[in-house]
Structure formats: C-alpha cells, structure tokens
Amino acid sequence: MRIGYPCINLGLPCRPSRTFRLASLDEGRLYATVEGNLRCLAEMVRWNAARGLLFLRITSNLVPLASHPENRFPWDSALRSAFAEVGGVIRKLGVRVGMHPGQYTLLNSPRREVVAAARAELRYHARVLDLLAADRTAKIQIHIGGAYGDKGEALRRFLRAVADLEPEVRARLVVENDERLYTLSDALHVHEFTGAPVVFDVYHHALHPDGHTLREALALQATTWTASDGLPIVDYSSPHPDSRRGSHAYALDEDHFVRFLEESRPHDFDLMLEVKDKERSALRALALLQGDPRLVREAR
C-alpha cells in the first residue's frame, strides 16, 4: 500500500500547475511555464518520497491549455528531455503516479464536440505519462459521466466511446464510481465490456451505494486489476461536517480513517487521499498506518 494525495503540495513554495489565459498563449511562455511546472513536480516527488509518500496524482494543468485547439505548439517534442528527466526521478524513487482529468471530460455526452474535446484531453494525459516513461500502473482516472435523461443509453454511449479510444489511452484508462449516478456495479459493468480497471471511491460508495459492503466492494474491484496494472487504486475521503452533501473534509478524520483501515483488511491497494490539506493529512495517515503489513515503508 502506497499513500498519496492530489496535485499540489501546500507547503512547498512552487506549484506544478501554473497556467495562464488563452489570450497569453505563445510558444515561449508555454515552454517556460511547462519547464517550471516540471521542476516543481520533481521537487514534490523528492519531498514526498523522502517522507514515505509514494503515490501522487499529477495535476492536469502540468501543460497549460494542452488540449485546446489553439495550442498547436509541439510542446511534447520540444520538452521531451525535460519530461524524461522528471520521469527518471519518479522511477528512481519508486513513486506511483496517475492523473485525473476534470469533470468536463465527458465521453458519454450526446454532443459530438464535447466528446471530441474529451478525447483530446485524454490523449494529452496519456502523452504526459508516456513522456515520463511511466509504466502501465500510471492510470488516467475518469468518471462515466452524465445520464442525460436516459442512463442506459448514456452508459452505452460511454462503452462505444471507450472502444473508439486510441490504444495508448485505453491502456491507461480506469473508471470510478461516483456519488450521484453511477455506482460501483455500473463501473464493474464498464470493466466487463471494456477491460478498464475500476477505481473504488469509498466516500462516493457511502453516498451512492449498490448493496455491497466495503469488503465486498474491495474484493470485486480487485478482480478488475491485472499484475501489469499494479495494485488497485482506492480513493479515500470523509464528509465535510459543515458543508453540502458530497463535500470532502478539509483534514483527515483520524477515527474515520482508522475504522476504514480495519474494515478494509485484508485487501491491499494504493490509497489516494482526497483531503483538502493535501500532504499534511497524508503524513498523518502514514503515521496511523505504521504497523500495518500492507504499507510500503520506504522509497527505493
């Protein structure tokens, strides 16, 4: 089990997600921004690995406006060596990485232009992971999408869209249960037809259950992952006590987390903490995991 958090480290002075407006897009600014983002990503990886945090979700903003049709600059070839250098750091330190495109990456939209934009966004994410020379355990995580008034047809559109994706995207694609529309059972259905492994979101399952207990859900999820995919990925968070339904807690609820660890045994997985104070809660989770035989304790 590796412990990770998403996208940025709140304690470091840099962010790997610096961006700019479309009106400011030019080749020099793009390349300089990406080079700075990559340097910060490498700094995050080193900081995390030194403290035993060996799972990281890379920000989708690593390359600003990457999938926008007006960005026709060859950033991938121009910055190949910079990506390769960071990828070497990731591999040397034994850190697992992945990415999670935003909520508007909708493969099952009935609008062709929305699906085309989603495909472009997924190609970008796959390109980043390929440039980092990440192995096939580095996944691109998406939700199934909307229902659009007919959930059955929306699900069928999703299956058709996945079948049409480029092989380099499909090889990394994983699907997640959500809190409103698509349950774990729906994600398992997608796996049955596409082979995409299932990411299990614990909080979403609590909000939108399908009748499976936590242990049952983890057992079912595990069947969708192969050795080349790596350990299953589980997203963990707990509810924000004073916010709207579905909001994640700002910091780790330690009692809730300890109960989750107890209930999840003996299943092994890599754990992404979707908690708003990022590395601070990840370090607390790591401390609570000491003594758990599932934990990967140190970087290579």
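The values are calculated or read from the model by the stated rules, or taken from the named source; none is laboratory data. Because the structure is a prediction, the values reported are computed rather than measured. Cβ sites come from the backbone with ideal geometry, for glycine too, and all protein chains shown count toward neighbours. Accessible surface is based on the protein model in full, side chains and every heavy atom, while ligands, DNA and RNA are left aside. Shrake-Rupley method; radii C 1.70, N 1.55, O 1.52, S 1.80 Å.
A few comments on the model shown:
- In this simple spin-label approximation, SER77 and TYR250 carry label points 7 Å from Cα along the Cα→Cβ vector, and these lie 4.9 nm apart.
- Applied to segment 187-192, the Karplus parametrisation 6.51 cos²θ - 1.76 cosθ + 1.60 on θ = phi - 60° returns per-residue 3J(HN,Hα) values of 5, 5, 4, 4, 4, 4 Hz, with x for Gly and Pro.
- Per residue, the convex hull spanned by the alpha carbons of segment 53-122 comes to 97 Å³.
- Label zone (ARG123, point 7 Å along Cα-to-C-beta; backbone nitrogen cut-off 17 Å) within segment 64-85: 64-78.
- Surface accessible to a 1.4 Å probe, per residue, for the residues of segment 78-147, Å²: 41
- Bridge type composition, the chain - antiparallel percent by DSSP, nearest 5: 5
- Tensor-based shape of the chain (alpha-carbon gyration tensor, a/c under 1.5 rounded, otherwise prolate or oblate): oblate
- Taking all protein chains into account, the per residue accessible area for segment 148-244 stands at 44 Å² (1.4 Å probe).
- Zone of ARG51's modelled label, taken as backbone nitrogen in segment 5-26 under 13 Å from a point 7 Å along Cα→Cβ: 5-6, 8-13
- As a rough guide to protection, the peptides 288-296, 51-59, 184-192 ranked by mean Cβ packing within 10 Å, highest first, stand as 51-59, 184-192, 288-296.
- Whether segment 158-202 is rounded, prolate or oblate, judged on the alpha carbon gyration tensor where a/c under 1.5 counts as rounded: prolate
- No Cys partner within the rule (Cβ under 4.7 Å), the chain: CYS7
- Of the chymotrypsin sites (Phe, Trp or Tyr not before Pro) found in segment 67-147, the ones in coil according to DSSP and having at most 12 other Cβ atoms within 10 Å of their Cβ are TYR104.
- By accessible area, using a 1.4 Å probe on protein heavy atoms only, segment 1-141 has 50% of its surface on carbon and sulfur.
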